[in-house]
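Okay, structure first, notes after.
Where a number appears in this text, it was derived from the coordinates with a stated rule and is not lab data. Values in this document were obtained by computation on a predicted structure and should not be read as measured data. With ideal geometry, Cβ positions are generated from the backbone for all residues, glycine too; neighbour counts draw on all protein chains shown.
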């Protein structure tokens, strides 16, 4: 978006400010562009609105129409796609309607620990979403400040945040949104098909064929015993990761970036979230040494207690989806390596090798947990062997 479009946005915000913020004095309004950030798929513009007494911040998210080409080479390795993608032309409209639905839904829950982004407007000619700026730090940024020593000194620093993140996801899964929502991955065989695709890809693109064949066999055998034929569904977030979870005062949780388009097995978001907790970049870089097993287990327990409250936690179902998420992430890392140009592959190979060491140990740990009675225990008991 060039300066002409920035001017258009500024004029629109100036004109609509009294509707966005009741009580603001219309003849004293000034609007300033405070900051702009270039993201991989969108530009973010931050505007300040003032009238001398009130001060408000608005974020405008506008899709990038001309994305830069990545320096890649042709490759015979192509990661299998597990998820149907929204049409590029519809993405921002879907995101706008999802955020609007979330704001209305969480507002009526009247729970001060569960929040949602306040969406103000949508400009179809620019596919621009206007929303009140949320300045709370992400759970990821708070987590990255943690370490073994900090956890020992302040054990409960983030457990409430993780518990509220679990509670938020449970409420979101039950959100009664029907318009434009489709069912995806409802059946046990859909899960098994995804496992086969990922292990076949990894065996071909990374090697270690016997390991991935054994992994697939163990997972499939146990999935047929553990998963019901038709899995419990909820409104899927699709990217429920620490970077998209904001933590405010009293550990209030506000969540970003979803299309709210699919109804999926509830274990999918849970498994991907827990996998993200255990395979953060810093944890992979230190081969699992930066955060202690007790620390990670405490955050996992808090998250699952937040989601399931006083109900029984289906650990075995969750572990199966955690290993699915791990294989998916592993495939993405290997795929990224294979699509780099030759001049970038040396460094990329080292990073991929380090990640694969970590992922392989984690996979073995998950398989051990899945193949024994893990229905009533948390991850901590076998994490020590990982």
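Could you tell me the relative contact order of segment 3-63? Use alpha-carbon pairs under 8 Å, at least six residues apart, and round to a whole percent.
After rounding, I find 25 percent.
Of the candidates 80, 265, 249, which one comes out as most mobile in a Gaussian network treatment of the chain with C-alpha springs shorter than 10 Å?
249
Is segment 153-244 rounded, prolate or oblate when judged by the Cα gyration tensor, a ≥ b ≥ c being the square roots of its eigenvalues, rounded requiring a/c under 1.5 and prolate requiring a/b larger than b/c?
oblate
Could you work out how far helix 293-308 tilts from the main Cα principal axis of the chain, as a 0 to 90 degree angle to the nearest 10?
60
If the elastic network links every pair of Cα atoms under 10 Å, which of 180, 238, 288 fluctuates the most in the Gaussian network model of the chain?
180
Please check: in the Gaussian network model of the chain (C-alpha springs, under 10 Å), which one of 263, 184, 135 has the largest mean-square fluctuation.
135
Where a ≥ b ≥ c are the square roots of the eigenvalues of the C-alpha gyration tensor, would you call segment 177-300 rounded, which needs a/c under 1.5, or, failing that, prolate if a/b is larger than b/c, or oblate?
oblate
Nearest 10 degrees is fine. How inclined is helix 3-20 to the longest principal axis of the chain, computing both from alpha carbons?
80
What list of whole percents do you get for P(r) of the chain, with Cα-Cα distances grouped in 20 Å bins up to the one holding the largest distance?
That works out to 25, 56, 18, 1, in percent per bin.
Just for the chain, what percent of DSSP beta bridges are antiparallel, to the closest 5?
For the chain, the DSSP antiparallel bridge percentage is about 90.
Given Cα pairs under 8 Å that are at least 6 residues apart, what percent is the relative contact order of the chain?
Reported as a whole number, the value is 17 percent.
Based on the alpha-carbon gyration tensor of segment 90-204 and its eigenvalue square roots a ≥ b ≥ c, which shape applies: rounded if a/c is under 1.5, prolate if not and a/b is larger than b/c, or oblate?
In terms of gyration-tensor shape, oblate.
For helix 188-205, what angle does its Cα long axis make with the longest principal axis of the chain, in degrees from 0 to 90 and rounded to 10?
80
Can you compute the FRET efficiency between residue 213 and residue 243 using 1/(1 + (r/R0)^6), with r the Cβ-Cβ distance and R0 = 35 Å? Round to the nearest 0.05.
0.55
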